[in-house]
Amino acid sequence: MTFATAGIHHVTAITGDQQRNLDFYAGVLGLRLVKRTVNFDDPTTYHFYFGDESGGPGSLITFFAWPDAKRGRPGAGQVAVTSFAIPPRSLGYWIERLIRYHVLYEQPRTRFDDERVIALKDPDGLLLELVAHPSAESRSPWSGGQIEPEHSIRGIHSVTLWEEGHELTSRLLIDSLGFSLMREQGSIYRFVARGDAPAKIVDVRVVPGLWSGVIGAGTVHHVAFRARDEAAQIAIRGTLAALGSNVTPQLDRQYFRSVYFREPGGVLFEIATDGPGFTLDEPLETLGLALKLPPWLEDRRFEIEALLPDVRLPLKLPGPAG
């Protein structure tokens, strides 16, 4: 059976200031901090996961917190833009909120006839968008955050890859990951995953001659696509390896299993399983409140906690009236 991803699992980016990152994503944007853990490859630094109430696949943006990391540079061979879904009626609310919290943004513009897009940057310079589209209405809001539920972000809408060319990347997305080319607009090629799951759009923007991206604070480290289970993940890993991709072994990320490889344009892709999920080691009601470590790091908890800087969730922020 041919592998077909349901769409985006998560996007992982880099921040140089963990408290500022928490204040922006849990405070200004009102996402839920669903997991406070460490980078398993560097357990002296935080790894934050932000998403919907349960941290469902397709809602997640995560951050490696590398204190004092040098600013990166978005460019070719990167996921350049991460886009969040909002209800169309919330466009004015979000403009008011961005103004109130002094977030630089661009006036809304129309894309593909049915999307109204607000472009903005986070405090590290990461390129973000709020995309107003009717499909956001069908996604459940989180009612416990900083934003009134009717206006809250409804997870990931799409990602935009900046590439020197699109042919080889297009072939991988279609032939190996199960996407379909839905439409083109200028230099943008839009690919959509099968099925009705959210967060199923990948835009490939062709930017010939643009400088190469430089990894650092304010850039995306990788994008992960969904595999329904480990069997599907192992199958696609074998397919990718047979095509010549240098795919990692399966890695245990506690809340999902992962394999990584670079697509032809240089972007780091991950295939992540849907489960076991973020309630594996703490109840839904208290997600993100305590530092959680995987079993293989528990015996180092005292050392790790001593090295990690103190952080706090932002207090309830006043916001514009709905």
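Key figures
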| item | result |
| --- | --- |
| Members of the range 1-54 that are aromatic (Phe, Trp, Tyr) and either in a strand (DSSP E or B) or in contact with a helix residue (DSSP H, G or I) (Cβ under 6 Å, 6 or more places away or on another chain) (or both) | Phe3, Tyr46, Phe48, Tyr49, Phe50 |
| Output for the range 230-251, where each listed residue is in contact (Cβ under 8 Å) with a residue 24 or more places away in the chain and loosely packed, with under 13 Cβ neighbours inside 10 Å | none |
| Count of the range 129-186 residues which are at pLDDT 95 or above, out of contact with any helix residue (DSSP H, G or I) (no Cβ under 9 Å at 6 or more places or on another chain) and under 21 Å from Gln107 (Cα atoms) | 6 |
| Every residue from the range 53-100 that is within 20 Å of Gln19 (Cα to Cα), modelled with pLDDT of 95 or more and exposed (fewer than 15 other Cβ atoms within 10 Å of the Cβ) | Lys70, Arg71, Arg100 |
| Whichever residue in the range 236-251 is in contact with a Ser or Thr (Cβ under 9 Å, 6 or more places away or on another chain) and among the aliphatic types (A, V, I, L, M) and, among such residues, is farthest from Gly266 (Cα to Cα) | Leu251 |
| Output for the range 101-119, where each listed residue is of a type outside the set (Lys, Arg) and either free of Cβ contacts under 8 Å to residues at least 24 places away in the same chain or touching an Asp or Glu at 6+ places or on another chain (Cβ under 6 Å) (or both) | His102, Leu104, Tyr105, Glu106, Gln107, Thr110, Asp113, Asp114, Glu115, Val117, Ala119 |
| Qualifying residue in the range 53-69 (condition: under 20 Å from the mean Cα position of the chain (by Cα), charged (D, E, K, R) and under 30 Å from Phe302 (Cα atoms)) | yes |
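The values are calculated or read from the model by the stated rules, or taken from the named source; none is laboratory data. Since the model is a prediction, treat every value here as computed from it, not as a measurement. Every residue, glycine among them, receives a Cβ derived from its backbone with ideal geometry; neighbour counts consider all protein chains shown.
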